[in-house]
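> Got a structure for you, questions after.
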Amino acid sequence: MTRFSSFKKNINPIAKITIKLSLLIATLFIFVGIVIVTNILVRQLSIQDQRLMQTYVEIYRYYLSPDATNYEEMFFFLESITPSVTFPIVATDLDGEPLQDYSLYTLNTDIDKYKTIEEQRQYLLKLISKMEENYEPILVYDSEGNVISKFYYKHSKLVDLLKLFPIVSLIIISIIVGVVYVAINLMRNNEQSKIWVGIARETAHQLGTPLSSLLAWLEILRFNKTEPDMIEKTTNEIENDLHRLNIIATRFSKIGSSPDKKIIEIDKVINEVANYYEKRLPNLVGQIQIKRTFEGRKEILANSTLISWVFENLIKNAAEAIEEKGGIIEISTQELSTKKMLILVKDNGKGMSKKMKLQIFEPGFTTKKRGWGIGLSLVKRIVEEYHSGKVYVKDSFAKKGTTFAIELPYE
């Protein structure tokens, strides 16, 4: 019997049910939150578009009347109102025939002016047909109550993007939750399962950030309803959060499967992580320096995504241990033998006790008031189980600092 099958027998059935329910509830909570916020945003944008459309038609009513002579109002309309409209509009006659000149009586239709008049007409007729599927045209009446024109329109592209957001989010959340669930079922013992519970919580925590951003964007849209530039910036931020969710899904998926390995240059990975965190570490005790020294061979067979996660956790752990000004984190590499590389991560922080040294890699162990206690557990798992290496506390002295050592095979 393998270690994995033995572990499955030892898992508490109640714990398994609790884990399943926790994952399901977390998934539903996050998805419902995304749907609610998205619907609010869509409703607000739709109302904004409809109000702007009504204003657009009211001003155009005068412009289309036979006795229109006030060209100053027309100039104001073209210069001030039109740029605020971000959705497509097509003006037609009573029979639904697009009015000519098409460039004057359409807006945001992406019509090709270099095509023939008939080709442009056919393009607009197809667009009108699609518009009718979602919104009734707005009718324009003359002074006697007769219909003289119709205005067809549809919502902006931002609304379409927001409607897709819950679906994309559900797919990503499902992938992450699925990976976490599979990982939990492959635990070797009950103690190790703590790390995956922490991952599930950390996943929910990280996914909460995009939700918070959506709530903030809602407030921005409410105060900038007629600012096209602000709407465009909001769209870009939504895309950034989708990209962030994709990064989270990719990283956690590496844990639940056998990651692909290839020859990488460890110095480049370390430099990339160090350069990123050197500018973002807390400055409560002054700027923390990250010194690097590379000696010997630098090429190893590894998964760069997971190895970079190792150094992220060690650097953040070292930074949190530094309590005085002049913080320094030193990372060095050297050849331990012809088959192994030694990497040292040293800080000049507060150090740790002998008891802490024995518990530091245990899942759920933390000395921080806030935290899941999974950082160093992940480091150990990535180094030892996925890369056949070794990680340990080389030495630690009170008020002098701690040195972590990582041994990795070259191949």
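> F7: within 27 Å of Y181 (Cα to Cα) and either at pLDDT below 75 or of a type in the set (D, E, K, R) (or both), yes or no?
yes
> If a residue has to be within 30 Å of the chain's Cα centre (by Cα) and either charged (D, E, K, R) or modelled with pLDDT under 75 (or both) to count, how many in region 288-297 make the cut?
0
> Could I ask something else about it? If I filter region 114-144 down to residues being within 39 Å of the chain's Cα centre (by Cα) and part of a loop (DSSP other than H, G, I, E, B), which single residue comes out as surrounded by the fewest Cβ atoms within 10 Å (Cβ to Cβ)?
Taking the candidates together, the pick is E133.
> Sticking with this one: Pick from region 23-32 the residues that are surrounded by fewer than 18 Cβ atoms within 10 Å (Cβ to Cβ) and either modelled with pLDDT under 75 or not β-branched (V, I, T) (or both): which of them is nearest to the chain's Cα centre (by Cα)?
Selected residue: F31.
> Here's a check for you: in region 323-333, which residue that is at pLDDT 85 or above and not acidic (D, E) is surrounded by the most Cβ atoms within 10 Å (Cβ to Cβ)?
The qualifying residue surrounded by the most Cβ atoms within 10 Å (Cβ to Cβ) is I329.
> Would you say I263 is in contact with an Asp or Glu (Cβ under 6 Å, 6 or more places away or on another chain), without any contact (Cβ under 8 Å) to a residue 40 or more places away in the chain, more than 17 Å from A405 (Cβ to Cβ) and of a type outside the set (F, W, Y)?
yes
The values are calculated or read from the model by the stated rules, or taken from the named source; none is laboratory data. Keep in mind that what you see is a predicted model, and the values were worked out from it rather than measured. With ideal geometry, Cβ positions are generated from the backbone for all residues, glycine too; neighbour counts draw on all protein chains shown.
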